[in-house]
Amino acid sequence: MWLVRTLAATDPDEFATSVRPPSLKILVSERGRFDASATLIDFGKVRALRAAERLARTMHIESSRSGVVFQTEPGPDIFWNGALMHYNQVAFCKAGTSNIFRSTGPSHYAAMTLDAADMEAMAESVARRGYAPAPGPAIVSPGIDVMAHLRAMHAAAGRSADSLRDLANPVGRAEAIERVLIESLRNIIMTASPRRDTMGRQHHELVARRFLEALELDSVSPPRMDEISEAIGVSGRTLRLACQEQLGVSPTQYLLLRRMRLAHRALQQADPHATTVTDIATILGFWELGRFSVRYREIFGESPSSTLKGPCGSSRSLMLSDQSIFSPDCTA
């Protein structure tokens, strides 16, 4: 079965859950309304994603499959594990790894993945032809022509996927699209020139991941930075440098943004007849309610009480559309 899913979201948590549950987490770092849209296509072996977002954000991705991520349109800087990824470069992700994908403004990007076995088979076939094996998590420069071909084929796949159900032979068309995408990925591997990473960035990447993991252990009460540094086993200065490089903000700023997003989410989902703004703010460690309200309005453009009294749940923040195309030997 081939599946095409389109979605539009104004809530980053809903967007993350709909794209890759539960292996994707987003923290928006820019003020304003979060607007994102995506098309997800599952062709069988290949899974493809085309997405657009309006605000700067940091994604923490637990990769279950191997593949590539690249920009579909030029725009503000994008970073993959703390390294700047230019428009004509791709980032390789490897199954079983954790990656930090950060944008500094509006972004348009795409991804294409295979499962570990299919990627290993492709790498072996490429190596037998005398090329270097597929790189691990890294940013690579395949060449402008190869990148242009990848973007064109990926865009064509996105357009074709929308109309597969209306074709006389949707299965044959989907298989042809998948073959083209696999060939595009093979060309990337054969022409890729991996950029050498530095020991310092690798260390900062590890520190940032441990920082994010430490925050997940206690998602409500705000920990102290010296406690986190001690738990990670690094100095406060190293933690600050790692977070600035990998997450784009200091650890204190990241924690504040995270708690604000938790408050926003809790207020959206709460029953205004049974819960107050004070209840939610104090649970999340915001004791100075006046400062909390001012900062909340700066980030979200409305007061906490307005969020609480607004429509509840995800119905106002997410729109989904699914289309399934079944192969002849499948039944609905």
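Every read-out reported here was derived from the displayed coordinates using simple, explicitly stated rules and does not represent laboratory data. Bear in mind the structure is a predicted one, so any value in this text is a computation, not a measurement. Because the Cβ atoms are built from the backbone with ideal geometry, glycine has one as well, and the counts that use them run over all protein chains shown.
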Quiz item: Can you give the Kirkwood hydrodynamic radius of the chain from its Cα pairs, in Å with one decimal?
Solution: 21.4 Å
Quiz prompt | Residue-wise HN-Hα coupling along segment 210-215, computed from phi with Karplus coefficients 6.51, -1.76, 1.60 (Hz; x: Gly, Pro) | solution = 5, 4, 5, 5, 5, 5
Quiz item: Hey, in the GNM for the chain with a 10 angstrom Cα cutoff, which one of M225, M119, M260 fluctuates hardest?
Solution: M225
Quiz item: In whole Hz, what ³J(HN,Hα) sequence does segment 49-63 give by Karplus (6.51, -1.76, 1.60; θ = phi - 60°), x for Gly and Pro?
Solution: 9, 10, 9, 9, 9, 9, 10, 5, 7, 10, 9, 10, 10, 9, 7
Quiz item: To the nearest 0.05, how large is the calculated FRET efficiency for M319 and S250 if R₀ is 51 Å and r is the Cβ-Cβ distance?
Solution: 0.90
Quiz item: Roughly speaking, what is the stretch gain from A156 to K45, that is 0.36 nm per residue apart minus the C-alpha to C-alpha distance, in nm to one decimal?
Solution: 38.2 nm
Quiz prompt | 3J(HN,Hα) from dihedral phi, segment 138-148, Karplus parametrisation 6.51/-1.76/1.60, rounded to Hz, x for glycine, proline | solution = 6, 9, 10, 10, x, x, 5, 5, 5, 5, 4
Quiz item: Which of T275, L3, N88 sits farthest toward the positive end of the charge dipole of the chain, with +1 on the Cβ of Lys and Arg and -1 on the Cβ of Asp and Glu?
Solution: N88
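Dipole magnitude of the chain about its Cα centre, charges +1 at Lys/Arg Cβ and -1 at Asp/Glu Cβ only, in debye to the nearest 20?
540 debye
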